[in-house]
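Asks: Following this message is one structure expressed as structure tokens.
The values are calculated or read from the model by the stated rules, or taken from the named source; none is laboratory data. From a predicted model like this one, the values you see are computed outputs, not experimental measurements. Cβ atoms come from the backbone with ideal geometry, glycine included; neighbour counts cover every protein chain shown.
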Amino acid sequence: MKNFDYYSPTRVIFGQGVIEKLPEVMDQFGPRILLTYGGGSIKRIGLYDKVKELLAGKEIIELSGIEPNPKYDPSVLEGVRLCKEHKIDVILSVGGGSVLDCSKAIAAGALYDGDPWDLITYKVKAKATLPIVDIMTLAATGSEYDAGGVISRTETNDKIGYIEPLNFPRVSFLDPTYTFTVNAKHTAAGVADAMNHVMEQYFCAEHNMVADGFCETLLKTLIHWAPVAIKEPHNYEARAEIMYACMYGCNGILALGNSQSGWPMHAIEHALSAYYDITHGEGLAIITPHWMRKILCDRTLERFVSLGVNVWGIDPKLPKQVIADKTIQATSDFFKSLGIPMTLREVGIDEKRLAEMAHHIREQFDFEGDNLYFPLPEPEILSILQSSLD
Ligand code: NZQ
Ligand code: ZN
């Protein structure tokens with residue numbers, strides 16, 4: 001087992017009605033709040049009014065319209081400007097992962113004198129960031145329990161994961177009832193994203209039973225409850241189990257003691273959503289089976305067998321290669337059963353820019369280092385993209 005040094009400072013307040021603690025939580029910070037949110041779902045579910053009611057008396061400045069795959073320009077830049085102009089004390093993010101990710105970039109940029117892009121691209125390390133509190137309305141990314149944020153810059157086709165330990169949310173409110181209104185498309189995409197976070201960490205050379213067990217439990221939970229949540233959007237247990245499982249995706253706990261994997265599917269997907277602004281979880285679901293087929297070999301076979309037997313319930317007496325094939329098929333069939341489009345063409349991506357994307361991915365990520373579970377030179381990335389087309 002590898003050594004590890006683990007720190008996860010976010011206070012998580014989970015369950016129906018926990019929002020009543022919002023005033024007490026916000027009182028720890030100063031009175032000036034930047035309230036960040038997306039395209040209006042929080043108004044439709046009554047959460048906007050509730051937050052305003054609970055925080056009556058505070059000075060609230062708003063940044064709305066944060067899009068899925070949040071954009072540096074205008075959202076991050078506008079948020080930084082508002083924080084500086086109004087001397088904001090704390091950011092309250094209300095929405096999905098996109099709103100929270102954008103808020104994290106704003107939190108860092110607000111206390112930096114230069115161009116916030118310097119921070120996102122690690123040219124400069126943030127010395128301080130504004131505190132962040134979030135109320136999640138969509139279960140998927142795990143942003144509520146991690147230090148990462150993913151920001152897109154349209155003009156350069158960049159979508160960059162910005163990990164800054166100062167950006168762990170101080171407090172995350174997770175009330176599963178706020179996710180009742182998430183439609184089937186985003187429920188499914190959220191589950192596919194969360195499952196992929198687990199698999200990115202499960203497929204590694206050196207692993208341990210604690211990490212494996214944790215990963216397998218999360219996958220089984222998501223596989224069990226996703227169809228229920230899609231069929232019965234107001235089923236509290238389903239939404240709660242999914243929200244709880246999603247929380248663990250990206251804060252490192254699933255990989256403690258493991259060797260690095262490199263998160264290849266995320267690296268590939270981020271290019272897809274940078275170039276075509278597709279839904280992150282859908283891009284991952286499309287890529288996953290093709291990446292799996294690409295990496296299946298003698299060296300990786302046992303990981304597929306563990307996944308197949310322990311998660312998908314495949315008969316352990318079958319030949320290992322058969323188990324591996326069935327595992328890949330089960331993964332693909334499951335995503336399809338949730339209604340996720342399973343080809344690039346279905347989400348509006350054709351062959352035109354595949355080579356350009358493969359090159360872009362290879363330039364941004366070291367896919368050939370010794371540390372990686374399965375090295376992917378540029379032609380292999382391209383071949384995964386090509387096989388995902390139809
Ligand atoms: O904008 P609004 O009106 O709020 O609508 C949103 C949006 O259209 C809607 N929605 C959210 N809560 C809702 C709701 N609709 C009805 N009822 C509700 N309660 O859902 C749509 C998608 O929202 P978004 O925030 O984009 O989804 P998600 O939470 O999946 O976030 C995706 C972003 O997170 C990044 C992705 O790359 C993508 O940019 N990721 C962040 C990670 C992290 N910070 O750790 C890790 C992930 O791997 C991922 O890369
Ligand atoms: Zn993800």
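Asks: Being among the small types (G, A, S) and outside any helix (DSSP H, G or I) is the filter; apply it to segment 259-271 and report the residue that is farthest from T156 (Cα to Cα).
Replies: Ranking the qualifying residues of segment 259-271, first place goes to S259.
Asks: Can I ask one more? Evaluate the following for L100: is it buried (at least 21 other Cβ atoms within 10 Å of the Cβ), modelled with pLDDT of 95 or more and either acidic (D, E) or within 16 Å of D134 (Cβ to Cβ) (or both)?
Replies: Taking the combined requirement at face value, the residue satisfies it.
Asks: Right, something else. For Q16, work out the one condition from (1) touching a Lys or Arg at 6+ places or on another chain (Cβ under 9 Å); (2) in a loop (DSSP other than H, G, I, E, B) it doesn't fulfil.
Replies: The number of the failed condition is (1).
Asks: Still on this structure, please answer the following. Could you tell me whether K123 is farther than 17 Å from R170 by Cα and of a type in the set (K, R)?
Replies: Answer is yes for this residue.
Asks: With the structure loaded, tell me whether E282 is under 23 Å from G161 (Cα atoms) and of a type in the set (D, E) or whether it fails that test.
Replies: yes
Asks: State the number of residues belonging to segment 272-292 that are part of a helix (DSSP H, G or I) and charged (D, E, K, R).
Replies: Within segment 272-292, residues that are part of a helix (DSSP H, G or I) and charged (D, E, K, R) number 1.
Asks: Counting only residues that are hydroxyl-bearing (S, T, Y) and out of contact with any Pro (no Cβ under 9 Å at 6 or more places or on another chain), which one in segment 312-350 is farthest from N183 (Cα to Cα)?
Replies: Selected residue: T327.
Asks: Which numbered condition trips up E62, out of (1) within 20 Å of V99 (Cα to Cα); (2) among the acidic types (D, E); (3) part of a helix (DSSP H, G or I)?
Replies: (3)
Asks: Considering only segment 204-220, state which residues are loosely packed, with under 15 Cβ neighbours inside 10 Å, in a helix (DSSP H, G or I) and in contact (Cβ under 8 Å) with a residue 12 or more places away in the chain.
Replies: The one that is loosely packed, with under 15 Cβ neighbours inside 10 Å, in a helix (DSSP H, G or I) and in contact (Cβ under 8 Å) with a residue 12 or more places away in the chain: V210.
Asks: So for segment 89-96 (the condition being more than 10 Å from ligand 1 (Cβ to nearest atom), more than 19 Å from the chain's Cα centre (by Cα) and part of a helix (DSSP H, G or I)), does at least one residue qualify?
Replies: Within segment 89-96 (the criterion being more than 10 Å from ligand 1 (Cβ to nearest atom), more than 19 Å from the chain's Cα centre (by Cα) and part of a helix (DSSP H, G or I)), the answer is no, since none of the residues qualifies.
Asks: Would you mention how many residues in segment 165-198 are part of a helix (DSSP H, G or I) and either within 12 Å of ligand 1 (Cβ to nearest atom) or surrounded by 23 or more Cβ atoms within 10 Å (Cβ to Cβ) (or both)?
Replies: Number satisfying all stated conditions: 20.
Asks: Among the candidates A285, A324, single out the residue that is within 23 Å of A184 (Cα to Cα) and either hydrophobic (A, V, I, L, M, F, W, C) or crowded, with 18+ Cβ neighbours inside 10 Å (or both).
Replies: The match here is A285.
Asks: Still on this structure: If I filter segment 139-150 for residues that are within 12 Å of ligand 1 (Cβ to nearest atom), within 20 Å of H270 (Cα to Cα), touching a Pro at 6+ places or on another chain (Cβ under 6 Å) and hydrophobic (A, V, I, L, M, F, W, C), do I get at least one hit?
Replies: yes
Asks: I've got another one for you. Which one of I66, I33 is free of Cβ contacts under 8 Å to residues at least 60 places away in the same chain, away from ligand 1 (no atom under 16 Å from the Cβ) and crowded, with 22+ Cβ neighbours inside 10 Å?
Replies: Result: I33 is the single residue among I66, I33 that is free of Cβ contacts under 8 Å to residues at least 60 places away in the same chain, away from ligand 1 (no atom under 16 Å from the Cβ) and crowded, with 22+ Cβ neighbours inside 10 Å.
Asks: Go through segment 136-164 residue by residue and tally those that are assigned to a helix (DSSP H, G or I) and away from ligand 2 (no atom under 14 Å from the Cβ).
Replies: Here the count works out to 3.
Asks: Then there's this: Taking only pairs six or more apart or across chains, which ones have beta-carbon atoms under 8 Å, a first residue in segment 221-250 that is farther than 30 Å from P9 by Cβ and in contact (Cβ under 8 Å) with a residue 24 or more places away in the chain, and a second residue that is small (G, A, S) and surrounded by fewer than 21 Cβ atoms within 10 Å (Cβ to Cβ)?
Replies: Pairs that qualify, where the first residue is farther than 30 Å from P9 by Cβ and in contact (Cβ under 8 Å) with a residue 24 or more places away in the chain and the partner is small (G, A, S) and surrounded by fewer than 21 Cβ atoms within 10 Å (Cβ to Cβ), are P227/S337; I230/A184; I230/G339; P233/A184.
Asks: Identify, from the list F203, F173, F180, F214, the residue that is in contact with a His (Cβ under 8 Å, 6 or more places away or on another chain), over 26 Å from D73 (Cα atoms), away from ligand 2 (no atom under 14 Å from the Cβ) and not polar (S, T, N, Q).
Replies: On inspection, the qualifying residue turns out to be F180.
Asks: Please enumerate the residues belonging to segment 136-166 that are closer than 22 Å to K87 by Cα and either within 15 Å of the chain's Cα centre (by Cα) or touching a residue at least 60 places away in the same chain (Cβ under 8 Å) (or both).
Replies: E164
Asks: Does segment 221-261 hold any residues that are closer than 11 Å to T179 by Cα and crowded, with 19+ Cβ neighbours inside 10 Å, and which are they?
Replies: Result: A229, A238, R239, A240, I242, M243.
Asks: Further, regarding this structure: Within segment 354-372, restricting attention to residues that are of a type outside the set (A, V, I, L, M, F, W, C) and out of contact with any Pro (no Cβ under 8 Å at 6 or more places or on another chain), which residue is surrounded by the most Cβ atoms within 10 Å (Cβ to Cβ)?
Replies: The qualifying residue surrounded by the most Cβ atoms within 10 Å (Cβ to Cβ) is H360.
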